[in-house]
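Peer 1: Could you have a look at this structure, given as structure tokens, before my questions?
The values are calculated or read from the model by the stated rules, or taken from the named source; none is laboratory data. Note that this is a predicted model, so its numbers are computed, not measured. Note: ideal-geometry Cβ built from the backbone for every residue, glycine included; neighbour counts use all protein chains shown.
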Amino acid sequence: MLTTFELEQLCLQPESPILDFTQSFYEFETNTEDKATAALVKDIMAMTNTVRSQPGYIIFGIKAVPGYSPEFIGVNDVSDDAILQDKIKSKLLPRPEFHFYSLTVKGVTIAVLEIPIRKYPMPISATIKMKGIEPGKIYHRQGSSNSEALGNEVIRIYEWLKSIPDLSNEPQRDAEISRLLVQSANADIALSTTLAAIFSLARKYRLEELVEFCSRELNGLNSGVGNETNPLLQYRVVNTFVTYASVTLNMGMYSISQLKEAFRKEESFTEANVLLSQSITGIENMITNFGSSDAKKLATMKISSREFLPETSPEHPLTVYLFPDDISNLYTRIRQETIRLLMKT
């Protein structure tokens with residue numbers, strides 16, 4: 001189930017084979033109920049059969065305008081999950097798994113039909129003829145619409161279904177996740193060790209969000225600066241000092257708080273949000289280098305002015321100053337993000 005924040009972020013993406021926006025809900029209460037039920041059946045069947053690596057979503061109450069942010073217009077009188085489950089009962093074989101729920105976003109009700117990836121012995125097809133649906137035929141998503149799968153498309157769907165892990169192993173998977181959750185919370189175990197173990201588990205069970213997260217943390221981000229507004233990477237942002245000047249400091253003369261205050265008063269320094277791109281092992285090395293005393297009060301990182309401000313011309317080097325608490329707090333936030341993702345899996 002999506003959180004409100006995750007739903008808002010999802011709605012910023014364009015429609016695709018695994019994401020569909022619609023302004024209104026199925027009109028089950030009118031004389032077009034059979035048509036509405038057929039639309040529900042076809043939507044679930046097509047999304048379930050679509051080759052993908054992530055859950056599929058049909059989101060109701062969204063007005064999508066190409067090139068602009070979506071408008072949250074909301075829906076009224078939506079059904080509950082049990083009613084929708086009953087409406088597809090006996091109409092599809094194998095019976096697909098889906099979840100239906102609603103969330104309040106910007107003061108309106110947004111309904112979500114979520115279709116997870118599950119292993120089935122064959123593609124889903126209808127057992128009866130309905131409006132726009134022929135029994136036994138296989139439908140899937142092409143672009144942002146439903147269409148009949150033919151020839152090689154059907155073969156590809158069969159091969160994809162065969163490749164999906166069997167959820168009969170779910171108790172074992174949950175036990176492995178629980179063990180890694182405990183390990184993630186243990187500050188005595190290096191995060192690099194834990195993330196490597198989580199990456200292995202995520203690949204084993206095709207947990208794509210965890211695979212992406214662990215890969216990013218183990219390898220480092222593609223860009224050091226410039227993504228500080230990306231909401232998915234906020235845990236990686238550090239508020240620190242950036243300068244274009246060449247500065248020589250007598251570290252023994254200042255405490256950390258005095259250094260920060262001096263930087264704030266110096267015109268050549270700018271206090272800014274910087275997204276750190278170092279791998280988790282790089283961050284651990286920085287923590288080790290800082291040590292437990294104030295002997296080493298800061299570290300520096302060189303970046304291009306165009307990384308920080310893409311419009312900058314001419315390009316020149318900038319220096320980022322990082323303090324021990326910047327790095328230790330960042331490390332804690334990465335640990336918290338690891339725990340959050342494991343708990344939602």
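Peer 1: When you scan segment 64-79, do you find a residue that is surrounded by fewer than 19 Cβ atoms within 10 Å (Cβ to Cβ) and closer than 30 Å to Ser163 by Cβ, even just one?
Peer 2: For segment 64-79, residues surrounded by fewer than 19 Cβ atoms within 10 Å (Cβ to Cβ) and closer than 30 Å to Ser163 by Cβ: absent.
For (1) surrounded by fewer than 16 Cβ atoms within 10 Å (Cβ to Cβ); (2) outside any loop (DSSP other than H, G, I, E, B), each residue gets a yes or a no:
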residue: Asp20; (1), (2): no, yes
residue: Ser24; (1), (2): yes, no
residue: Glu27; (1), (2): yes, no
residue: Ala46; (1), (2): no, yes
residue: Asp86; (1), (2): yes, yes
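Peer 1: If you don't mind, another one. Here is a list: Ile157, Ile198. Which entry is under 25 Å from the mean Cα position of the chain (by Cα), part of a helix (DSSP H, G or I), under 24 Å from Arg52 (Cα atoms) and assigned by TED's automatic domain parsing to the domain that holds Thr50?
Peer 2: Details: Ile198 fails: assigned by TED's automatic domain parsing to the domain that holds Thr50.
Of Ile157, Ile198, the one residue that is under 25 Å from the mean Cα position of the chain (by Cα), part of a helix (DSSP H, G or I), under 24 Å from Arg52 (Cα atoms) and assigned by TED's automatic domain parsing to the domain that holds Thr50 is Ile157.
Peer 1: Follow-up. Report whether or not Lys91 is surrounded by 14 or more Cβ atoms within 10 Å (Cβ to Cβ), within 11 Å of Met45 (Cβ to Cβ) and in contact (Cβ under 8 Å) with a residue 40 or more places away in the chain. Reasoning before the result, please.
Peer 2: Details: surrounded by 14 or more Cβ atoms within 10 Å (Cβ to Cβ): yes; within 11 Å of Met45 (Cβ to Cβ): yes; in contact (Cβ under 8 Å) with a residue 40 or more places away in the chain: yes.
In short, yes.
Peer 1: Of a type in the set (Gly, Ala, Ser), outside any strand (DSSP E or B), assigned by TED's automatic domain parsing to the domain that holds Gln23 and in contact (Cβ under 8 Å) with a residue 60 or more places away in the chain: which single residue out of Ser69, Ser79, Ser53 fits that description? Before the answer, list the steps.
Peer 2: Values: Ser69 fails: in contact (Cβ under 8 Å) with a residue 60 or more places away in the chain; Ser79 fails: in contact (Cβ under 8 Å) with a residue 60 or more places away in the chain.
One residue alone meets the criteria, Ser53.
Peer 1: Further, regarding this structure: Which condition number does Glu307 fail, the rest of (1) assigned to a helix (DSSP H, G or I); (2) under 26 Å from the mean Cα position of the chain (by Cα); (3) surrounded by 15 or more Cβ atoms within 10 Å (Cβ to Cβ); (4) at pLDDT 85 or above being met?
Peer 2: (4)
Peer 1: Does Asp166 count as over 21 Å from the mean Cα position of the chain (by Cα) and at pLDDT below 90?
Peer 2: On the way: over 21 Å from the mean Cα position of the chain (by Cα): yes; at pLDDT below 90: yes.
Judged against the criteria, Asp166 is a match.
Peer 1: What do you reckon, is Ile117 surrounded by 20 or more Cβ atoms within 10 Å (Cβ to Cβ), within 22 Å of the chain's Cα centre (by Cα) and modelled with pLDDT under 95?
Peer 2: yes
Peer 1: Here is a follow-up. Please go through segment 37-75 and give me each residue that is more than 15 Å from Asn146 (Cβ to Cβ) and hydrophobic (A, V, I, L, M, F, W, C), ordered by number.
Peer 2: Listed by number, the residues that qualify are Ile59, Phe60, Ile62, Ala64, Val65, Phe72, Ile73, Val75.
Peer 1: Filter segment 88-130 for residues that are part of a loop (DSSP other than H, G, I, E, B) and more than 15 Å from Arg52 (Cβ to Cβ) and give the result. Can you show your working first?
Peer 2: Kept after step one, since they are part of a loop (DSSP other than H, G, I, E, B), are these residues of segment 88-130: 89-91, 94-98, 106-107, 116-124, 127-129.
Matches in segment 88-130: Lys89, Ser90, Lys91, Pro94, Arg95, Lys106, Gly107, Pro121, Met122, Thr127, Ile128, Lys129.
Peer 1: Of the residues that sit in segment 256-285 and are of a type in the set (Val, Ile, Thr) and within 22 Å of Ser184 (Cβ to Cβ), which one is surrounded by the fewest Cβ atoms within 10 Å (Cβ to Cβ)? Spell out how you get there, then give the answer.
Peer 2: Narrowing segment 256-285 to residues of a type in the set (Val, Ile, Thr): 256, 270, 274, 280-281, 283.
Subsequent filtering for residues that are within 22 Å of Ser184 (Cβ to Cβ) retains 280-281, 283.
Working: Ile280: 24, Thr281: 18, Ile283: 21.
Step by step, filter segment 256-285, then rank; the result is Thr281.
Peer 1: Name the single residue that is nearest to Pro17 (Cα to Cα) among those in segment 119-169 being touching a residue at least 40 places away in the same chain (Cβ under 8 Å) and among the aromatic types (Phe, Trp, Tyr).
Peer 2: Filtering segment 119-169 for residues that are touching a residue at least 40 places away in the same chain (Cβ under 8 Å) and among the aromatic types (Phe, Trp, Tyr), the one nearest to Pro17 (Cα to Cα) comes out as Tyr139.
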